[in-house]
Amino acid sequence: MVKRRKTLSIRDLALMGLFSAILLGVQLGFAFLPNIELVSLLIIIYTRHLQYRALPVIYVFVLLEGLVFGFGIWWIMYLYIWAVLFGLTMLFQKNPSLAGWAMLSGGFGLCFGALGSIPYIFLSGPKAAFAWFVAGIPFDITHGISNFLVCLVLFKPLDSLFLRMGFRVLKD
């Protein structure tokens with residue numbers, strides 16, 4: 001017997017488009033604050049509730065960012081850096097602790113510059129990658145602390161909202 005593959009409903013596609021637009025909207029809304037953002041938290045929440053269907057949401061967001069800001073070296077890192085957060089969230093899916101989610105989000109912010117320096121290794125060499133990373137350390141510290149605090153404040157309300165609104169129905 002052949003197992004039939006589940007297809008996405010129009011509702012699923014509409015929600016995925018909406019979630020991508022929300023990511024872009026909050027990214028643009030907080031752009032004036034250096035390395036203070038909600039994108040990391042939202043990707044964690046989306047991944048918890050949408051599971052693998054969060055990947056198209058993430059990559060539509062990345063494409064939209066490229067269209068808004070242009071496709072530079074920074075965009076190359078966005079192709080994998082958000083997938084790293086997705087993977088870490090999937091790995092710790094059963095974590096019940098708010099502190100654990102805040103540490104994941106904060107740790108991701110702290111490591112953002114190191115992860116983002118990878119394309120520079122191939123495009124400009126290890127010295128350039130290291131220089132890029134070191135120059136960004138103050139921003140990574142801000143990013144890590146703000147991600148931690150944002151997650152502490154907003155994780156439970158957003159997670160509860162997704163549960164109350166039934167978004168777990170998108171789970172495969």
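The values are calculated or read from the model by the stated rules, or taken from the named source; none is laboratory data. Just so it is clear, the model here is predicted, and its values are computed rather than measured. Ideal geometry is used to build each Cβ from the backbone, glycine not excepted, and the neighbour counts take in all protein chains shown. For the accessible areas, the whole protein counts, side chains as well, though only heavy atoms, and no ligand, DNA or RNA atoms are used. Shrake-Rupley method; radii C 1.70, N 1.55, O 1.52, S 1.80 Å.
Structural remarks
- 222 nm mean residue ellipticity, helices alone, for the chain (DSSP H n ≥ 4; -39,500 (n - 2.57); rounded to 500): -25000 deg cm²/dmol
- Accessible surface, per residue, of the chain when the full set of protein chains is kept, probe 1.4 Å, Å²: 55 Å²
- Local net charge near GLY100, Cβ-Cβ under 13 Å (Lys/Arg +1, Asp/Glu -1): +2
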